[in-house]
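First the structure, in the form of C-alpha cells, and then the observations on it.
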Amino acid sequence: MVTLQDELVRTVVYEHPKALTEVPTHYCPGCTHGIAHRLVAEVIDELDIREHTVVVVPVGCAVFAYDYFNLDGVEAPHGRAPAMATGIKRSLRDRIVFTYQGDGDLAAIGTAEIIHAAARGENITTVFINNAIYGMTGGQMAPTTLPGQQTTSSPRGRDIRLAGNPLRITELLAQIDGTCYAVRRSLHSVREIRRAKKALMTAFRTQVNGLGFSIVELLSSCPTNWGITPPDSLKWIEDNMVPFYPLNDFKVSDSVLTMESGA
Amino acid sequence: MTAQLMKGNVAIAEAAVRAGLQAYFGYPITPQTELLEHLAMRMVELDRVFVQAESEVAAINMVYGAACAGVRTMTSSSSPGVSLMQEGFSYIAASEIPCVIVDMMRGGPGLGNIQPSQGDYFQVTRSAGHGDYRPIVLGPASVQEAIDLTILAFDLADKYRHLVFVVGDGLIGQMMEPAVMPEMRPIRPHPDWAVDGAVGRPKRIITSLNLTTEGCEQANKRIQARLQIIRENEQRSAEYDTEDARILIIGYGTAGRVAQSSVKMARQMGLPVGLLRPITLWPFPEDRLRSLVDNGVEAILVVEMNAGQMIEDVRLVVGRDVPVELHGRMGGAVPLPDDIVEQVQEIAAQIGLTRASVV
C-alpha cells in the first residue's frame, strides 16, 4: 500500500536545474539575478538544449554567470556580447547562443552591437536585465536610471536637462525588422516571474525554430545600490519602474505567433 | 601551377580561403576594401561565414566569438580601423585563442590619408591593446610573399594560440604582380578547447577575467613563456648582398623592397652595402641582425615609412655597437632609391669608406 508519505517522497516538487551548477552565486541578498538565472536554466532544461547552448556573459554583475550556468560559455568585452554571439552563432549554426546583459552593458556601451545584431536578424536570444543602475561599479547612473533617481553619479537625482532621458531599449529594438520577439517582463512578484519564464521560453523557442532575433527585458532589483531592503526593492520596481517601463509585448512577429499557436 | 596576375588585397583574401578560413568579419576601409569584397563573394559561394560588421569594434569581437567557437577566422582593416580593434586584440590575447588580422596601413595620425605608410609598427608590434603581450607580425614585400605569409599566419596562429598580423600598405594591397596561389586546404577540425557546446563532456569557459593577483600573474607568465618560445623559434628575414656588407640597410615591406634597389645602385658604385629585410616584425630578427654586425657591418641605415619606429628595435639589438641612422618618410610618402643611396654615401664617408678603400 502506498502511503501519503511515500507519495510525497516520490513526487519531485523541486529540482536543481541541470543547466545551473552547484556554485553559490556572489549576488547580493535580494538581487533578482538569481531568479533570472534559474528561469533561463529551467527553459534550457525543458527544451533539452543544455549540451547545445553557448552563453555569452557581459561585463557587469553577471560577469561570473559562466560559473553559474552549466553551459559552454564566453565572457565578452563590455557591451560586445551580441557581436561575440554573432561570431559564435554564424560559426556553429546548429547551436543555441544567448547573451545575458545588464543595462549598462546593453543600453549604453553596447548599443551599436545590440541594434545591429537585431538589424541582421541574428538568430540569437538576449536576456536583458534592467535594474536602472550600474551595479558592479557601485551604483552609478545607467541609461535606464529613472528621472529624479539618485545614484552616485546623479547624487541630486537624475536631472534630465543634464543627463537626458532614460532609454526604453526594448521598444526601440521592436522597431527593427530583424527582431522577431521583443517583450518586457518583471521579476518583482510570483505572477510576473511566471510570466517572465513563459516569455523566455518563447524567446528560446524562437531561436530553436530559426526565426530570428529575440530579446526579453527583465525589470530587476538592486537593493544594495538602491539603498533599500529587498522587500522594498520589489515594491520599488512595481511602483516606479513598471509605470515607466510597461510590461508589454512590443513585437511578436507573425512567425512567432504561428510558432506559438502550434501550427 | 602557373603564376597569375593578382592584386595584393585579392591575393591575401584568396590565400586565406585556401588556408581554410571559415569565418570572416570586416568593415570597409581604404586601402584594404578589395580584400573584404573578394571574401563577400568567395565565402558565401563556399557556404562559409562572411559578415560586414557595423564597426571595426564589432568586427573584431565577432572574430573573438568565432575563434572561441573553434573555427579559423580573420578580419582585415587599415590603420584607423586597427586602432578601433585594440580592445578585441587584448581580449583575444588574454584568452589565448588564434586569429589572423590583416592591416593595410595608411598615412596617419588621425584620418591621415590612404597612401602607403608603416605608421602602425608600434601599434602592431608592441601590445596592440592594453596589457602585456606582443602579437606575431608578418610583413610581406610582394604579392607572392603576401600569399605565402597569409597561409603561414593561420598556421602560426593555431600553433601558438595567438594573434597573428599580416601588415602591408596600399602599395602591397593595390599592386598587381604575377603570383602562384596554393591549392585549397581542407578545413581543420575544431580544437579540443573550443566552446562549441558541451555535448557529452564537462562545460568549457573562455574568459579573460582573472580577479586574483596570483591567477592574473600566472596567466601573464604563461603568455610570456609562450612569447619567449615564439621569439626563439619564429624569427624570419630575407637578405640581399649581406655577405661582405659593411653598411647594412634594414627595411621591411614596401620600404625594404625600395631599399633593395638602393643596394643594387650602391653596389654599382662599389659600396659594400647589403639589405636585411625583416619578415617577422615581431619577433624581430634580432639573432640575424646580431650576427651580421658581429661579421663586419659597421653602420646601419633603417628605412621606414614613418618617423622611426622599427629603428628602436634595431637599436635595442646593436645600438651600442654601431651607428644607426634613419631614413624615414611620413604621411604616405614612399622613400626613393636615389635618396636612400645619397644617405648611404654620407654614412660611407662618415665611417671612412671610400670607393678606393673598398676596391
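Brief remarks follow.
- When residues in the range B:1-50 are screened for being of a type in the set (D, E, K, R), closer than 17 Å to B:Phe154 by Cα and assigned to a helix (DSSP H, G or I), 2 of them pass.
- The numbered conditions (1) in contact with a strand residue (DSSP E or B) (Cβ under 7 Å, 6 or more places away or on another chain); (2) touching a residue at least 24 places away in the same chain (Cβ under 8 Å) are all true for A:Glu260 except (1).
- Helices (runs of 4 or more DSSP H) within the range A:140-247 that include 1 or more residues under 26 Å from A:Leu47 (Cβ atoms) and β-branched (Val, Ile, Thr): A:169-174, A:190-208
- Scanning the range A:66-81 for residues that are more than 8 Å from chain B (Cβ to nearest Cβ), surrounded by 24 or more Cβ atoms within 10 Å (Cβ to Cβ) and of a type outside the set (Phe, Trp, Tyr) gives A:Gly79, A:Ala81.
- So B:Val57, is it modelled with pLDDT of 95 or more, within 14 Å of chain A (Cβ to nearest Cβ), farther than 17 Å from A:Arg90 by Cα and within 21 Å of the chain's Cα centre (by Cα): yes
- Across the range B:56-99, the number of residues qualifying as surrounded by fewer than 22 Cβ atoms within 10 Å (Cβ to Cβ) and at positive phi comes to 1.
- Check on B:Gly197, in contact with a Ser or Thr (Cβ under 9 Å, 6 or more places away or on another chain), of a type outside the set (S, T, N, Q) and farther than 29 Å from B:Gly129 by Cα: yes
- Residues of the range B:302-359 satisfying the condition of being at pLDDT 95 or above, assigned to a helix (DSSP H, G or I) and charged (D, E, K, R): B:Glu312, B:Asp313, B:Arg315, B:Asp338, B:Asp339, B:Glu342, B:Glu346
- B:Leu171 in a helix (DSSP H, G or I), in contact with a Pro (Cβ under 8 Å, 6 or more places away or on another chain) and in contact (Cβ under 8 Å) with a residue 24 or more places away in the chain: yes
- Within the range A:44-59, the residues that satisfy the criterion of being more than 9 Å from chain B (Cβ to nearest Cβ) and buried (at least 24 other Cβ atoms within 10 Å of the Cβ) are A:Ile44, A:Val55, A:Pro58.
- Looking across the range B:213-245, the residues that are part of a loop (DSSP other than H, G, I, E, B) and either of a type in the set (Lys, Arg) or loosely packed, with under 15 Cβ neighbours inside 10 Å (or both) come down to B:Arg236, B:Glu243, B:Asp244.
- Taking the range B:60-98 as the range and being in contact with a His (Cβ under 9 Å, 6 or more places away or on another chain), within 19 Å of B:Arg188 (Cβ to Cβ), more than 7 Å from chain A (Cβ to nearest Cβ) and hydrophobic (A, V, I, L, M, F, W, C) as the test, the residues that pass are B:Ile92, B:Ile97.
- Pick from the range B:144-203, criterion within 14 Å of chain A (Cβ to nearest Cβ) and in contact with a strand residue (DSSP E or B) (Cβ under 6 Å, 6 or more places away or on another chain), ranking: surrounded by the fewest Cβ atoms within 10 Å (Cβ to Cβ): B:Ala198
- Subset of the range A:83-114 (residues that are hydrophobic (A, V, I, L, M, F, W, C), at the interface with chain B (Cβ under 8 Å from one of its Cβ atoms) and in a helix (DSSP H, G or I)): A:Ala83, A:Met84, A:Ala85, A:Ile88, A:Ala112
- Residues within the range A:115-154 that are of a type in the set (Gly, Ala, Ser) and either more than 14 Å from chain B (Cβ to nearest Cβ) or without any contact (Cβ under 8 Å) to a residue 40 or more places away in the chain (or both), tallied: 8
- Long-range neighbours under 6 Å by Cβ, at least six apart or interchain, first residue without any contact (Cβ under 8 Å) to a residue 40 or more places away in the chain within the range A:48-69, second outside any loop (DSSP other than H, G, I, E, B) and surrounded by fewer than 24 Cβ atoms within 10 Å (Cβ to Cβ): A:Tyr66/B:Ile205
- Test: residue in the range B:115-126 that is under 15 Å from B:Leu227 (Cβ atoms) and free of Cβ contacts under 8 Å to residues at least 60 places away in the same chain: yes
The values are calculated or read from the model by the stated rules, or taken from the named source; none is laboratory data. In this text the structure is predicted, and so the values were computed from the model without any measurement. When we count neighbours, we look across all protein chains shown, and the Cβ atoms used for this are built from the backbone with ideal geometry, even at glycine.
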